[in-house]
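Scroll down for the structure; my scribbles are underneath it.
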Amino acid sequence: MQLTFHVQGGDFTRAGDASSQVKKTLKLLNIAPAITKRVVVALYEAEVNIVAHAYRGVITVDIDPVRIVLRLEDEGPGIPDIEQAMQRGFSTASPEVREMGFGAGMGLPNILENADRFHIDSVVGKGTTLSISVNLQA
Amino acid sequence: MEQQTFHHALKIRHDVCTGCSHCMKVCPTEALRVYGGKALLYPVWCIDCGECHRVCPARAIVVEDDDCKDIFNYKHRILLIPSVFIGQFGASLSRQEIIGVLLNLGFTDVREAEHGVDFLIDEINRYIQTHEKPVISSFCPAVTRLIQIRFPALVDHVMRLKQPLEVTTEYFRQWYARQGACPGDVGIFYLTPCAAKIASVKAPVGDYASPIDGVINMHYMYNRVLQEFQQRGKDVPPTRYETQVSARGMAWSLTGGEVRHIDGKGLAIDGIENVVEFLERLENDEIAGVDYLELRACDESCPGGILTPYNRFLAAECIRRNADAQAASNGMAGDYQKHLAGAIDVGKIRPRSMVKYDLDITKAIRKMEKARELKSVLPGVDCGACGAPSCEALAEDIVRGQAAIEHCIFIQTRCGKRGLLPQEQAIKIMEKIWGKEKTGEEEPVS
């Protein structure tokens, strides 16, 4: 089963809509709460990244009985140094964004922590693609 | 393992129900449908919040309480009254007059349910030191049940301590034993402002048995007290009873009554819709830095309970005024500590998640895909004419085999236009859902 969401850069009031929808879906499927939580946390962080940094993005969520695969493709500035971006506390967020409670530099590390598989691709000046996978069985 | 035994205090009287669907539209767990012209309840999804009872114009939803005559099975008949009960009478009757009448109705002793609050405050503050934050208060049984059903991931946040009513009951049970009363002779009854408290006595959440012997409906007792006072007011001597509850205890059941005394950052939220909205955010991990959550299903908390006849705002004001006249502490915390310490854990609270599709994940995904397809065909109007609360609920019912797509009045119209559904058949469908009375009389038999 596949769900698709469109995310608009800069629209913080709607950041979290996709993760809310996905959470609702996983609950209806009786996915274990601990797994749902990992998916939702990872997706929320990734969704906020698009809102905070990119111009727009598309999220696709594939659910099968074995795993949940999240793919987030954005059009945006891209990440020049992925290794640096993966470090806890590293942030390029503006003071305004931090003021709103975002941009603490925990996004990517948090995604990595909650994912069973994680892949990041970025082209400076074009955009970033994240692929996150969470297994349903331990 | 999920809990399988529930007790529901709310019952639908099908002889009175007109199938108007008001209840169906307000149920926070979508546990109600209309079929055969009557409201039907999926009992496993019901949390006893009573929203349906509140909106039923036919008064077809009733609260099943204990028969007041049951009290005479006991030699010592103790009634525990919450401060909300005193608040029902505004300034018209004093606590002494009210308790005087209650004693005249057959109770041998009347005590206040919030007697143990001071002790509990110390215990809660100790509890939140060592448990995952935010700790969610278990005071409101409808909220605890809501979390079990709709927010299973948050179940471990629910505070595993007994509530004032239970702590007070156990204290007085022991107190009677110390006075030499035979345990079987002591009957402790609670006067409840809501249905959820009845459910929590009959089927407590956790691994313990409720210490309360019976529950009496506040609406009923309010009428009895007023009636008794009208008829024999002057003959009933007021008691000399002085309250044994502190200011903190007396205001405990009001919105904000708990958080005010909790160390750390606390939030008080009342009204089931507000609670659901907040829990959604909490479940998404969007809420940080909160230590304690006081969540109450009713607007204005217990004064807004479905069995409270008096206006909730006036009742709350009256209770607050009564509380302000009391000392901050009733000096009982030490005694409670001595007798009840270590006996107030409720044990494990388990989720009671709703199986909307299937327990088997492969089947569940297939059914959900089917429901999504159906939903895209349904109008999204959520009119309820199909007997389900929303288009989404109808789609779910269809894949579970509990409804058909022709139940949708828009689909009927669409099919009718194309000549796919004869009008007589459409009428029959609507009659099956809403009963024959609402679709007009049957054609006279010639």
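The values are calculated or read from the model by the stated rules, or taken from the named source; none is laboratory data. Only a predicted model underlies this, so the values are computations on that prediction, with no experimental measurement involved. We place every Cβ from the backbone using ideal geometry, glycine too, and count neighbours over all the protein chains shown.
Being of a type in the set (Asp, Glu) and over 13 Å from the mean Cα position of the chain (by Cα) is the filter; apply it to region B:1-60 and report the residue that is nearest to B:Val205 (Cα to Cα).
Of region B:1-60, the ones of a type in the set (Asp, Glu) are B:2, B:15, B:30, B:48, B:51.
Of the ones still in play, those that are also over 13 Å from the mean Cα position of the chain (by Cα) are B:2, B:15, B:30.
Working: B:Glu2: 12, B:Asp15: 32, B:Glu30: 21 Å.
The qualifying residue nearest to B:Val205 (Cα to Cα) is B:Glu2.
Would you confirm whether or not region A:16-25 contains a residue that is under 19 Å from A:Phe118 (Cβ atoms), among the polar types (S, T, N, Q), touching a Leu at 6+ places or on another chain (Cβ under 6 Å) and surrounded by 20 or more Cβ atoms within 10 Å (Cβ to Cβ)? Let's see the steps before the verdict.
First, the residues of region A:16-25 that are under 19 Å from A:Phe118 (Cβ atoms): A:18-19, A:22.
If we keep only those that are among the polar types (S, T, N, Q) as well, we get A:19.
Still in the list and also touching a Leu at 6+ places or on another chain (Cβ under 6 Å): A:19.
Now narrow it down to the ones that are surrounded by 20 or more Cβ atoms within 10 Å (Cβ to Cβ): A:19.
Yes; the residues of region A:16-25 include at least one that is under 19 Å from A:Phe118 (Cβ atoms), among the polar types (S, T, N, Q), touching a Leu at 6+ places or on another chain (Cβ under 6 Å) and surrounded by 20 or more Cβ atoms within 10 Å (Cβ to Cβ).
Within region B:300-314, does at least one residue satisfy the condition of being over 19 Å from the mean Cα position of the chain (by Cα) and over 21 Å from B:Asn274 (Cα atoms)?
Scanning region B:300-314, I find at least one residue that is over 19 Å from the mean Cα position of the chain (by Cα) and over 21 Å from B:Asn274 (Cα atoms), so the answer is yes.
So which of B:Arg240, B:Arg260, B:Arg321, B:Arg281 ends up being surrounded by fewer than 21 Cβ atoms within 10 Å (Cβ to Cβ) and within 14 Å of another protein chain (Cβ to nearest Cβ)? Spell out the reasoning first.
Working: B:Arg240 fails: within 14 Å of another protein chain (Cβ to nearest Cβ); B:Arg260 fails: within 14 Å of another protein chain (Cβ to nearest Cβ); B:Arg321 fails: within 14 Å of another protein chain (Cβ to nearest Cβ).
Result: B:Arg281 is the single residue among B:Arg240, B:Arg260, B:Arg321, B:Arg281 that is surrounded by fewer than 21 Cβ atoms within 10 Å (Cβ to Cβ) and within 14 Å of another protein chain (Cβ to nearest Cβ).
Within region B:131-170, which residues are of a type outside the set (S, T, N, Q), within 14 Å of chain A (Cβ to nearest Cβ) and under 14 Å from the mean Cα position of the chain (by Cα)?
Passing the criteria: B:Leu146, B:Ile147, B:Ile149.
Is it true that A:Gln137 is touching a residue at least 60 places away in the same chain (Cβ under 8 Å), of a type outside the set (A, V, I, L, M, F, W, C) and more than 21 Å from A:Ser20 (Cα to Cα)?
yes
Taking the stated definitions as given, is A:Leu26 within 14 Å of chain B (Cβ to nearest Cβ) and not aromatic (Phe, Trp, Tyr)? Full working, then the answer.
Numbers: within 14 Å of chain B (Cβ to nearest Cβ): yes; not aromatic (Phe, Trp, Tyr): yes.
The answer is yes for A:Leu26.
If B:Ile349 meets every condition in (1) within 14 Å of chain A (Cβ to nearest Cβ); (2) out of contact with any Gly (no Cβ under 6 Å at 6 or more places or on another chain) apart from one, which number is that one?
Every listed condition holds for B:Ile349 apart from (2).
May I ask you to verify whether B:Arg296 is over 21 Å from B:Thr29 (Cβ atoms) and charged (D, E, K, R)?
In short, no.
Okay, residues lined up against (1) assigned to a helix (DSSP H, G or I); (2) out of contact with any strand residue (DSSP E or B) (no Cβ under 7 Å at 6 or more places or on another chain):
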| residue | (1), (2) |
| --- | --- |
| A:Thr60 | no, no |
| A:Val69 | no, no |
| A:Ile79 | no, no |
| A:Gly89 | no, yes |
| A:Thr92 | no, yes |
| A:Arg98 | yes, yes |
| A:Phe102 | no, yes |
| A:Leu108 | yes, yes |
| A:Ile111 | yes, no |
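Filter region B:352-381 for residues that are free of Cβ contacts under 8 Å to residues at least 12 places away in the same chain, touching a helix residue (DSSP H, G or I) at 6+ places or on another chain (Cβ under 6 Å) and more than 9 Å from chain A (Cβ to nearest Cβ) and give the result.
Passing the criteria: only B:Gly380.
Quick check: anything in region A:75-96 of a type outside the set (Asp, Glu), over 26 Å from B:Ala153 (Cβ atoms) and in contact with an Asp or Glu (Cβ under 7 Å, 6 or more places away or on another chain)?
Scanning region A:75-96, I find no residue that is of a type outside the set (Asp, Glu), over 26 Å from B:Ala153 (Cβ atoms) and in contact with an Asp or Glu (Cβ under 7 Å, 6 or more places away or on another chain), so the answer is no.
State which residue is farthest from B:Phe151 (Cα to Cα) when the search covers only region A:1-23 and only residues that are in a helix (DSSP H, G or I), among the polar types (S, T, N, Q) and more than 9 Å from chain B (Cβ to nearest Cβ).
That would be A:Thr13.
If you take the residues of region A:38-96 that are of a type in the set (Phe, Trp, Tyr) and within 27 Å of B:Leu282 (Cα to Cα), which of them is farthest from the other protein chains (Cβ to nearest Cβ)? Explain how you work it out, then say what you get.
Keep residues of region A:38-96 that are of a type in the set (Phe, Trp, Tyr), which gives A:44, A:55, A:90.
With the extra rule that they be within 27 Å of B:Leu282 (Cα to Cα), the set shrinks to A:44, A:90.
On the way: A:Tyr44: 6, A:Phe90: 20 Å.
The selected residue is A:Phe90.
For a quick check of your reading: which strands (runs of 3 or more DSSP E) sit entirely within region B:168-277 and have at least 3 residues that are touching a Ser or Thr at 6+ places or on another chain (Cβ under 9 Å)? Give the derivation first.
On the way: elements: B:186-192, B:214-217, B:266-270.
Of the strands (runs of 3 or more DSSP E) lying wholly inside region B:168-277, those with at least 3 residues that are touching a Ser or Thr at 6+ places or on another chain (Cβ under 9 Å) span B:214-217, B:266-270.
Given the conditions (1) surrounded by 14 or more Cβ atoms within 10 Å (Cβ to Cβ); (2) away from chain A (no Cβ under 14 Å); (3) under 28 Å from the mean Cα position of the chain (by Cα), which single one is not true for B:Ser329?
(3)
What number goes with the only condition from (1) polar (S, T, N, Q); (2) surrounded by fewer than 22 Cβ atoms within 10 Å (Cβ to Cβ); (3) modelled with pLDDT of 95 or more; (4) farther than 19 Å from B:Glu166 by Cβ that B:Asn125 does not pass?
Going through the list (1) polar (S, T, N, Q); (2) surrounded by fewer than 22 Cβ atoms within 10 Å (Cβ to Cβ); (3) modelled with pLDDT of 95 or more; (4) farther than 19 Å from B:Glu166 by Cβ, B:Asn125 breaks only (4).
Residues checked against (1) at pLDDT 95 or above; (2) surrounded by fewer than 20 Cβ atoms within 10 Å (Cβ to Cβ); (3) farther than 30 Å from A:Ile68 by Cα; (4) within 29 Å of the chain's Cα centre (by Cα):
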| position | (1), (2), (3), (4) |
| --- | --- |
| B:Ala343 | no, yes, yes, yes |
| B:Arg350 | no, yes, no, yes |
| B:Cys383 | yes, yes, yes, yes |
| B:Cys386 | yes, no, yes, yes |
| B:Cys391 | yes, no, no, yes |
| B:Gln402 | no, yes, no, yes |
| B:His407 | yes, no, yes, no |
